[in-house]
1. Specify which of the listed residues (B:I130, B:I114) is in contact with a His (Cβ under 8 Å, 6 or more places away or on another chain), away from chain A (no Cβ under 14 Å) and in a helix (DSSP H, G or I).
2. Could you figure out which of (1) facing another protein chain (nearest Cβ under 8 Å); (2) not in a loop (DSSP other than H, G, I, E, B) isn't true of B:F213?
3. Determine whether A:K267 is of a type in the set (D, E, K, R), assigned by TED's automatic domain parsing to the domain that holds A:P298 and surrounded by 15 or more Cβ atoms within 10 Å (Cβ to Cβ).
4. So, of the residues in segment A:283-305 that are touching a residue at least 40 places away in the same chain (Cβ under 8 Å), within 19 Å of the chain's Cα centre (by Cα) and in a strand (DSSP E or B), which turns out to be farthest from the other protein chains (Cβ to nearest Cβ)?
5. Would you pick out the residues in segment A:160-209 that are farther than 17 Å from B:L175 by Cβ, crowded, with 21+ Cβ neighbours inside 10 Å and β-branched (V, I, T)?
6. B:V259 - would you say it is aliphatic (A, V, I, L, M) and within 30 Å of A:A154 (Cα to Cα)?
There are 2 protein chains.
Amino acid sequence: MKVAVAGATGSVGCEMMNVLEKRDFPVSEILLLASERSSGKKLKFKGEEIEVKTLKEDSFKGCDIALFSAGKKVSLEFARYATSSGCLVIDNSSAFRMDKDIPLVIPEINQGDIALNKGIIANPNCTTIIMCLPLWPIHKRFRAKRVVVATYQAASGAGMRAMNELLDETKAVLLGESYERKIFPFQYAFNLFPHNSPMMDNGYCEEENKMVFETRKIFHEENFNITATCVRVPVLRAHSEAINIELEEEASVDEIYEVLKEAPGVKILEDRPNNRWPMPIDASCEDEVFVGRIRKDPTQRNSFWLWIVGDQLLKGAALNAVQIAEYVIK
Amino acid sequence: MKVAVAGATGSVGCEMMNVLEKRDFPVSEILLLASERSSGKKLKFKGEEIEVKTLKEDSFKGCDIALFSAGKKVSLEFARYATSSGCLVIDNSSAFRMDKDIPLVIPEINQGDIALNKGIIANPNCTTIIMCLPLWPIHKRFRAKRVVVATYQAASGAGMRAMNELLDETKAVLLGESYERKIFPFQYAFNLFPHNSPMMDNGYCEEENKMVFETRKIFHEENFNITATCVRVPVLRAHSEAINIELEEEASVDEIYEVLKEAPGVKILEDRPNNRWPMPIDASCEDEVFVGRIRKDPTQRNSFWLWIVGDQLLKGAALNAVQIAEYVIK
């Protein structure tokens, strides 16, 4: 397959290349595309140095699959050039996620939707993917009546420059120096803030709405009952989430562990007596979503807490996109 | 009043002295007490250098009020020497909080309990105080049916050495150097972990249980329905909490804002169109608990989200203790 990566120099783009290589995706030729600014840079793929080219209307000629991760604006402008060249687009931006003609896919959950594509398949929001992966098997078995989530989101969700900004600002704070931020609206070093995506009319930020509406689309349940508070914490690259879930069918903590032990892409990590649970540094650079701390919530019938952590760049983005591509070629 | 501060060299002890001075508490003499290790150190109070003395059985002779903040073990050992000298103890540790003969007080909520003391008054857990301050007036007006909390807790909750450990470990991580932790069990720099207090039999950590049982005692409601997930985030000195609350009496977002505008010790801080809400750096070194992002939770009847941030060392500890002392002398 001739594969194009649009946004190859970004944090997700780089991980897409790593994942293609690591999973031995059948790449006959790889085309690395980015904005003019990054054109000419060289990136390694399977031991070879490959030059980054400027993303243009005619970039996709002869390509089979294009993985897009260069932001919504770029996807809205260039995805159609790829599809009109007969190239399948797997898009990591939010551009097409809620388009009813475009499948939004987490392969472990709704791989069947892949076949319905008309040239574009959307990759869900990272926080949503990480949550849905353990939530889906629990929901399938016990039916979730209501899900309440608080997130602890890493810098990587805002890209490579955001990760660097967190590091640089932290250095400046430690040295007592001033620092001019370019990505985040507020101090991030030793601080946190509710997610900085735009505020929507319903009083929730865009990120919180994505968790609600994308989950409903992925689960094929228009009324799936979920609410979120999204928060950015000064962590580099894995998102954590505290999930409170009320179930319809009678469940026990042991049964939920059993369900999750069998769940694809999910890994239970805990040492209960020693109060040791998944942490961002555990999940960083790992494929699985880590789960632990499943415990009964005594304040409501048949309710439970879960603690989950997942690499935002891998299963939250690049890995999920490549998994979709794998299903496509199957 | 002759006032003793036991644990004067700790982070809360230092803030106790600041608060006594700032609020012009009628101190005729101040006695600074600490372990032998800190004995001889000099600390400033009202412009004067005061030598720290070793905490001993006979330290409290002639004292009127002793503010304890040197940990549970020290309180369990030395509080009785203070009370037997006729000195009133206001204790910031967890030693006496759940003792049914000892009042546990947030003055804005249950100042009436102060009069019931028999020589010791307990200061609640920091995360609990910060949550209860805005929660109480909402509960009084609309009756809370169920409260679900996820916390974002700062290093200061584990003391001054913990704050320094976060700074030092962060420096080491930035320099790529190894670092030997003494306070926290896991990497804290650019990472987070579920609260490191001991695990209890019910599957919750001690900190989470404190939020449940102390709130019930302060509110005088044995069955107050609250559940928490407590998490340490790499922030220096203010705790944040995402609170989901289901109310019995019909309420609106506007009505909740109205209630909180009138609530003592609570300050609303937000700029909704610009997605600007309370942050730890806003609340650090401030007396009030900051609240914002009150919004309807559409997944359940009469349910709402709140976002709160409070200085863990001030209202969460030193300020609340000194406020109790102020009520005592009134």
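1. None of the other options fit; the residue is B:I130.
2. Just one mismatch for B:F213, condition (1).
3. yes
4. Residue satisfying both the conditions and the ranking: A:V289.
5. Listed by number, the list is empty, since nothing qualifies.
6. On the way: aliphatic (A, V, I, L, M): yes; within 30 Å of A:A154 (Cα to Cα): no.
Spelling it out, it is not the case that B:V259 is aliphatic (A, V, I, L, M) and within 30 Å of A:A154 (Cα to Cα).
Yes/no matrix, rows are residues, columns are (1) within 23 Å of B:V322 (Cα to Cα); (2) under 19 Å from the mean Cα position of the chain (by Cα):
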| position | (1), (2) |
| --- | --- |
| B:R80 | yes, no |
| B:N92 | yes, yes |
| B:N110 | yes, yes |
| B:N125 | yes, yes |
| B:K145 | no, no |
| B:D168 | no, no |
| B:L174 | no, no |
| B:R181 | no, no |
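Okay, residues lined up against (1) in a strand (DSSP E or B); (2) more than 22 Å from B:P278 (Cβ to Cβ); (3) at the interface with chain B (Cβ under 8 Å from one of its Cβ atoms); (4) at pLDDT below 95:
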residue: A:V173; (1), (2), (3), (4): no, no, no, no
residue: A:N223; (1), (2), (3), (4): no, yes, no, no
residue: A:A228; (1), (2), (3), (4): yes, no, no, no
residue: A:V259; (1), (2), (3), (4): no, yes, no, no
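The values are calculated or read from the model by the stated rules, or taken from the named source; none is laboratory data. Everything numeric in this text was worked out from a predicted model, so none of it was measured. Here the Cβ is made from the backbone with ideal geometry for all residues, glycine too, and neighbour counts use every protein chain on show.
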